[in-house]
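Just below is one structure, and these are the notes that go with it.
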């Protein structure tokens, strides 16, 4: 199905865009068109990708040009990939979009719970406990199937050109983490009870590939070493923090969630160095651009906030 072009002020745009504390443009839409909140965010150059149940939105936040794509009925995880974009959703489909057309890569019987990309590689996780890695758009590289029916996969991540990390939960006990080699699919590490009780819902890694972070439904964030999976630090939060990402130089770890705040830690000292109250109380997605002073946060109420933190963080060293 082709895309539909709308001006930035049309009622179909289900988000507000902020720069700093000033509103740049806002068109929240009527109750009829406000279908649900934001599930994922990606960024390339001046363009932002937004995934939510029922729709996928791409816009240039400088020119105001927008493009809306029809999404899955349930959630949609979207990422820029090569010269197009990839989407996975609750309908079990993996779609590659380019120049107004779409190609179906995979159609599964179960909803897809996550998408991670590194250059030509991408990994998907599905609710039937499978992790599949592809390259070159549609070439399957390897597949892992967890045979324990109690396990559920909630998050997936690719660490540069080296590892795939997946995390989830178990109905009868705590969270778990798996680490594989990216190219071979060799399972390197299984971490049981990774967050006590409460599934892993978000994963991020530092630019040098030496650290990864997980966030859990039990209101904790944990920092781990790579590739050994040694626990280095735990941060206890007052609420669930599903959105997590490292800055480009690996110095800072960013997280946001249901408390409506952006939290920033220094990764060498493990000290929290910054907290900012955001314009929404339910942050569900987070993206840190090439420089850590540009942070994009998406919320369940459909708002997107773009922040410049150059006066709050030392992003140069």
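For a protection proxy built on the mean count of beta-carbon atoms within 10 angstrom, sort 231-243, 139-151 highest first, please. Before the final figure, lay out each step's value.
On the way: 231-243: 16.2, 139-151: 12.9.
The peptides rank, most packed first, as 231-243, 139-151.
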| query | Per the Kirkwood formula on distinct C-alpha pairs, the Rh of the chain is how many angstrom? | reply | 19.6 Å
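Taking Cα pairs under 8 Å and at least six residues apart, what relative contact order does the chain come out at, in percent? Spell out each step's value before the answer.
Working: 901 pairs, mean separation 37.4, N = 317.
This gives 12 percent for the chain.
If you rank 137, 41 by fewest surrounding Cβ atoms within 10 Å, what's the result? The partial results should precede the final answer.
Details: 137 16, 41 21.
Least to most surrounded, the residues fall as 137, 41.
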| message | Can you tell me the length gained on complete extension of the stretch residue 208 to residue 91, counting 0.36 nm per residue apart and subtracting the Cα distance? | response | 38.6 nm
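Hey, can you rank 266-276, 301-311 by average C-beta count inside 10 Å, highest first?
Details: 266-276: 13.0, 301-311: 18.3.
Highest-to-lowest ranking by the protection proxy: 301-311, 266-276.
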| query | Computed FRET efficiency, Cβ-Cβ of residue 249 and residue 190, R0 25 Å: what is it to the nearest 0.05? | reply | 0.25
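What FRET efficiency do you get for residue 135 and residue 312 if R0 is 41 Å and r is their Cβ-Cβ distance, rounded to the nearest 0.05? The partial results should precede the final answer.
Details: r = 39 Å, r/R0 = 0.95.
Calculated value: 0.60.
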| remark: Expressed as a whole-number percentage, the relative contact order of region 135-273 with C-alpha contacts under 8 angstrom and at least six residues apart is 14 percent
| Roughly speaking, what is the centre-to-centre gap between region 63-92 and region 206-266 when only Cα atoms are used, to the nearest Å? | 26 Å
| said: On alpha carbon coordinates alone, what is the Rg over Rh value for region 200-317, Rh being the Kirkwood radius? | reply: 0.94
| request: Could you pull out which residues in region 113-128 have an amide N less than 15 Å from a spot 7 Å beyond the Cα of residue 80, following the Cα-Cβ vector? | output: 117-120
| query | Can you give the translational diffusion coefficient of region 106-157 in µm²/s, computed by Stokes-Einstein from the Kirkwood radius over Cα pairs at 25 °C and 0.890 mPa s? | reply | 218 µm²/s
| request: Place a label point 7 angstrom from the Cα of residue 150 along the Cα-to-Cβ direction, then list the residues of region 197-236 whose backbone nitrogen is under 19 Å away. | output: 197-201, 217-218
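What value does region 94-203 have for Rg/Rh, both radii from Cα atoms and Rh as Kirkwood defines it?
On the way: Rg = 14.0 Å, Rh = 14.2 Å.
Using Cα coordinates only, the ratio equals 0.98.
Only the coordinates and a few stated rules stand behind these numbers; no lab work does. Computed from a predicted structure; not experimentally measured. We place every Cβ from the backbone using ideal geometry, glycine too, and count neighbours over all the protein chains shown.
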